[in-house]
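Take a look at the structure below.
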Amino acid sequence: MKVCAVELRSNEAIICLLSLQNGLFDIPQCRTQKFIMQDSLDNEQMRDFQFAFKKLLDDYKVERVVIRTRETRGKFAGSATGFKMEAAIQLIDGLDVDFISSAEIKQKLKRNPLAIDFRSTGLRQFQEAAFTTGYAYMGK
């Protein structure tokens with residue numbers, strides 16, 4: 001199974017591709033690590049984001065997307081742009097999208113800790129939350 005884990009932060013969709021075969025995780029090379037939305041009120045830009053995201057999923061043969069949930073209110077609430085990007089991803093035809101909360105991720109990492117240090121993965125530091133989202137999701 002190959003998944004694209006997504007962390008939505010402000011106006012960015014930070015991604016990490018992960019696959020799991022025969023109990024082994026693989027982090028394939030990817031042409032991009034994040035998508036940035038400059039103006040969430042621009043319909044054309046939202047369509048471009050959705051098209052580019054779908055193209056990436058098709059090119060890398062991703063079967064499922066998992067998104068780390070965000071708070072809707074309070075100090076750590078997600079931005080309006082982030083929620084719009086989330087909706088654009090969910091509305092991609094034929095795409096299975098799942099959600100996982102930070103509490104669920106912590107619980108799964110406690111039961112099944114990472115076997116290697118994150119710095120050894122070759123990913124950028126800002127991708128760590130997306131990576132742990134995908135790792136926790138696939139460790140179900």
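Just so it is clear, none of the values below were taken in a lab; they were calculated from the coordinates. Keep in mind the model is a prediction, meaning the values are calculated, not measured. Here the Cβ is made from the backbone with ideal geometry for all residues, glycine too, and neighbour counts use every protein chain on show.
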Q: For Q33, enumerate residues with amide H under 5 Å from its amide H, sequence gap 5+ or separate chain, H modeled in the peptide plane.
A: none
Q: Restrict the search to the stretch 66-133; then list the GluC sites (Glu not before Pro) that DSSP places in a loop and that have at most 15 other Cβ atoms within 10 Å of their Cβ.
A: none
Q: Step through the table entries K84/K106; K34/K55; K2/K55; K2/K84; K34/K61, compare each Cα-Cα distance with 20 Å, and write down the pairs that go over it.
A: K84/K106; K2/K84
Q. DSSP loop chymotrypsin sites (Phe, Trp or Tyr not before Pro) in the stretch 62-140 with at most 10 other Cβ atoms within 10 Å of their Cβ, which ones?
A. F76
Q. Short version: ³J(HN,Hα) in whole Hz for each residue of the stretch 79-90, in order, from phi by Karplus 6.51 cos²θ - 1.76 cosθ + 1.60 (θ = phi - 60°), x for Gly and Pro, what are they?
A. 7, 4, 4, x, 5, 5, 5, 4, 5, 4, 5, 4
Q) Just in the stretch 1-83: which trypsin sites (Lys or Arg not before Pro) are loop by DSSP and have at most 10 other Cβ atoms within 10 Å? A) R31, K61, R73, K75
Q.
Net charge within 10 Å of M37 by Cβ-Cβ distance, Lys/Arg positive one each and Asp/Glu negative one each, not counting M37 itself?
A. -3
Q. Whole-Hz Karplus ³J(HN,Hα) for the stretch 113-128, in order, using 6.51 cos²θ - 1.76 cosθ + 1.60 and θ = phi - 60°, x for Gly and Pro?
A. x, 4, 7, 10, 6, 3, 4, 7, 6, x, 7, 7, 4, 5, 8, 4
Q: Using the charge dipole of the stretch 69-140 (Lys, Arg: +1 at Cβ; Asp, Glu: -1 at Cβ; taken about the Cα centre), state which of F83, L109, G122 has its Cα farthest towards the positive end.
A: L109
Q: Towards the positive end of the charge dipole of the chain, with charges on Cβ (+1 Lys, Arg; -1 Asp, Glu), say which of L57, P28, G134 has the farthest Cα.
A: G134
Q. Where nothing but the Cβ of Lys and Arg (+1) and of Asp and Glu (-1) is charged, how large is the charge dipole of the stretch 2-138 around its Cα centre, in debye to the nearest 20?
A. 500 debye
